[in-house]
1. If each residue's Cβ is checked for other Cβ atoms within 10 Å, how do Thr156, Thr182 rank with the fewest at the top?
2. Note the full-extension length gain between Asp171 and Ser209 as 0.36 nm times their separation in residues minus their Cα-Cα distance, in nm to one decimal.
3. Assuming R0 = 25 Å, what is the FRET efficiency of Glu130 and Thr60, from their Cβ-Cβ distance, to the nearest 0.05?
4. Given a Förster distance of 30 Å, report the FRET efficiency between Ala18 and Gln340 from their Cβ-Cβ distance, rounded to the nearest 0.05.
5. Order of 157-163, 14-20 by packing, highest average Cβ count within 10 Å first?
6. Any of Lys258/Lys302; Lys176/Lys207; Lys151/Lys207; Lys172/Lys382 with alpha carbons more than 23 Å apart? Name them for me.
7. State, to one decimal in nm, how far the label point of Phe7 lies from the label point of Gln154, with both points 7 Å from Cα in the Cβ direction.
8. For the range 173-203 and the range 270-343, what is the separation of their Cα centres, given in Å?
Amino acid sequence: MKVKPVFLVILVFAVTAAAAYFIYPGWFNARYQFQPWRLGLDLIGGSHLIYEADLSQVRTTDRDSVLAGLRDVIERRVNLFGVSEPQVYLAESGGTARLIVELAGIKDIQGAISQIGLTPLLYFAEVELEDKAGQQSAKFNRTNLTGRYIKGAQLTFEQLTRQPEISLEFDKEGAKIFEEITGRNVGQPLAVFLDEQLIQMPTVQEKISGGQARITGKFSIREAREVVERFNAGALPAPIKLVSQQTIGAALGSDSLKRTIWAGFWGTIAIVIFMMIYYRKLGVVSSIALLIYIILTMAVFKLLGITMTLAGIAGFVLSIGMAIDANILIFERVKEEIKQGLSQTTALADGFRRAWPSIRDSNITTIITALVLYYFTTSFVKGFALALLIGVVMSMFSAIAVTKSLLKLFVIEQPSER
């Protein structure tokens, strides 16, 4: 018996024991203030909001970037109000663009809706002055310079009157657009609209470079500070309207969670029974490795703060099957080597070496699939892909490190053959 496998097995068992305490949602977690499990909307309930975006004033070429900006801003806004792991994603149907917001476990849903709706809509408009029957009127032509280009905002005061003002700093792209707009409107008024209300219409004296602008108006200090806070959280590049609100009860989510956990439990039991019947003592070793794999993977999920949904749990359960699949490949190779008359130690080494290419290739293809699903899909599909990705990576570690070390220590002189 070598020292290295003994040490590795002891280390694995110690880490597994610590991980089991970490994932257990009982007194240990409460006493040592470990982070709780993050559960999705379909498990703990919450609210499902659907917003419709008004893109009538957005150029076709800017449509995708505006929608992406809407999603990012709303996600930042909701995060600022204490919503854990909000899910914000886009959906288009019949030419209508919608943003779907899922708020898991949120209690003050009306407060969250109010805060999302209060996100300021800022844009600049060029002005055409017209004289009709001796009366001057203004026509406003909206530009593509909106609040989505704002890098930062702060509350300032006019030096003489001490009236509150809002100082804006645009990002690199916004500064370029602002310079172009002011350059072609020298000597002309330029209108600033905030939440569809005309705030000011100053005359441009010269081309303005550097991306700095000021908004003045009849603000109170409190109003100006609120606007600044919202700009720093993100300004909407296009108006949105709440068209649907659905509340999902916690009882329904709890029932789904219980059913899913029991399904995973009985599935694991079925795998363990099969392995022990078919591979006997080798199956006992693989069953121990499988339980270690499950505990360690769940600990990784919780440690990384991943939001668990029904789809994510399904991805994890699928990875359990892949983890045992690697053991089957290894065991069959080891049995083949023993049939050829090799010693137990040599058969074990050769079996792992010959099984590794198949394990590697099958897992790499699954990892590629999971990455594609994660980066090119939305909502619950992402949760499924992430759980599957982590599960597959952990299963490779389990098959090579854990199973191999356990076999070196506990395998009998001649494994059973079927």
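1. The fewest-first ordering by Cβ neighbours comes to Thr156, Thr182.
2. Going from the current span to full extension adds 12.5 nm.
3. That gives a FRET efficiency of 0.35.
4. E between Ala18 and Gln340, to the nearest 0.05, is 0.15.
5. 14-20, 157-163
6. The pairs that break the limit, which is 23 Å between Cα atoms, are Lys172/Lys382.
7. Once both label points are built, they end up 5.6 nm from each other.
8. About 63 Å separates the Cα centre of the range 173-203 from the one of the range 270-343.
Every read-out reported here was derived from the displayed coordinates using simple, explicitly stated rules and does not represent laboratory data. As the structure is a computational prediction, the values presented were derived from the model and not from experiment. Glycine gets a Cβ as well: all are built from the backbone with ideal geometry, and neighbour counts include every protein chain shown.
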